[in-house]
Amino acid sequence: DGGITQSPKYLFRKEGQNVTLSCEQNLNHDAMYWYRQDPGQGLRLIYYSQIVNDFQKGDIAEGYSVSREKKESFPLTVTSAQKNPTAFYLCASAHPNYGYTFGSGTRLTVV
Amino acid sequence: ELKVEQNPLFLSMQEGKNYTIYCNYSTTSDRLYWYRQDPGKSLESLFVLLSNGAVKQEGRLMASLDTKARLSTLHITAAVHDLSATYFCAVEGNTDKLIFGTGTRLQVFP
């Protein structure tokens, strides 16, 4: 079955550490997105990519980085520059005719 | 810049009652989406609205779109406890970014 997979489901980060969240899709979608959700809040766009080897900043890109070397993969790195990274992170992919598909999310906690 | 506003933010309603959630957006949009989110879970797609006057219904939920007013509504008919969740609208602007509203947390009680 086609879908979008995020891993890990739970991630713990120490102060000053970089961590990478994985997002893989086998839907053959060109566009991929990363969102952050804080408790009781809506989703805010971090980065998005419309095509391989190209990506753009969203509304809250500071402290994050991404790469898009393969169509199937869009990993998100939370760097030490992100001072408050504890949140729920959702990855999505999209097709112009079929809309958006969301992963199951990664819950990141700073310890 | 596209902005999406939902109201109310919180909604506590009795089983069997009807209510409407409103979603306003600031610029011309191609598509509007409604999602449901249960606590700690990802998003479940409910509706995609593509044109002015579009109306879609699934069970006790009905969504509509007025592109001239830049307004979408999600109407709940005869609420049941299973509908308790957070509901988001999201609007796709001309830059192919999906921008979310703040969400409406719905609680249905007996």
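Quick note: the coordinates plus some simple rules give every number you see, no bench work behind them. Worth saying up front: this structure is predicted, and the values here are computed from it rather than measured. All Cβ positions, even for glycine, are placed from backbone atoms using ideal geometry, and neighbour counts span all protein chains on display.
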Notebook entry, point to check: When the stretch B:63-72 is examined, which residues are found to be hydroxyl-bearing (Ser, Thr, Tyr), closer than 15 Å to B:Ser26 by Cα and outside any loop (DSSP other than H, G, I, E, B)?
Noted result: B:Ser72
Next item on the list: Being assigned to a loop (DSSP other than H, G, I, E, B), within 13 Å of chain A (Cβ to nearest Cβ) and under 16 Å from the mean Cα position of the chain (by Cα) is the filter here, so list the residues in the stretch B:75-110 that pass it.
Entry: B:Gly101, B:Thr102, B:Gly103
Next item on the list: Answer yes if at least one residue in the stretch A:25-34 is part of a loop (DSSP other than H, G, I, E, B), at positive phi, touching a residue at least 40 places away in the same chain (Cβ under 8 Å) and more than 11 Å from chain B (Cβ to nearest Cβ), and no otherwise.
Entry: yes
Note to self: Looking at B:Val55, B:Val48, can you tell me which residue is free of Cβ contacts under 8 Å to residues at least 24 places away in the same chain, in contact with a Gly (Cβ under 6 Å, 6 or more places away or on another chain) and farther than 21 Å from B:His81 by Cβ?
What the structure shows: B:Val48
Note to self: Condition (residue is among the aliphatic types (A, V, I, L, M), touching a residue at least 24 places away in the same chain (Cβ under 8 Å) and in contact with a Lys or Arg (Cβ under 7 Å, 6 or more places away or on another chain)) applied to the stretch A:81-96: is it met by at least one residue?
What the structure shows: yes
Note to self: Please go through the stretch A:45-59 and give me each residue that is surrounded by 15 or more Cβ atoms within 10 Å (Cβ to Cβ) and either outside any loop (DSSP other than H, G, I, E, B) or more than 9 Å from chain B (Cβ to nearest Cβ) (or both), ordered by number.
What the structure shows: A:Leu45, A:Ile46, A:Tyr47, A:Tyr48, A:Ser49, A:Gln50, A:Val52, A:Phe55
Item checked: Unique match (being within 25 Å of A:His95 (Cβ to Cβ) and among the aromatic types (Phe, Trp, Tyr)) among A:Tyr47, A:Tyr10 -> A:Tyr47
Notebook entry, point to check: Could you list, in sequence order, the residues of the stretch A:45-73 that are farther than 24 Å from A:Glu15 by Cα and of a type in the set (A, V, I, L, M)?
Noted result: A:Ile51, A:Val52
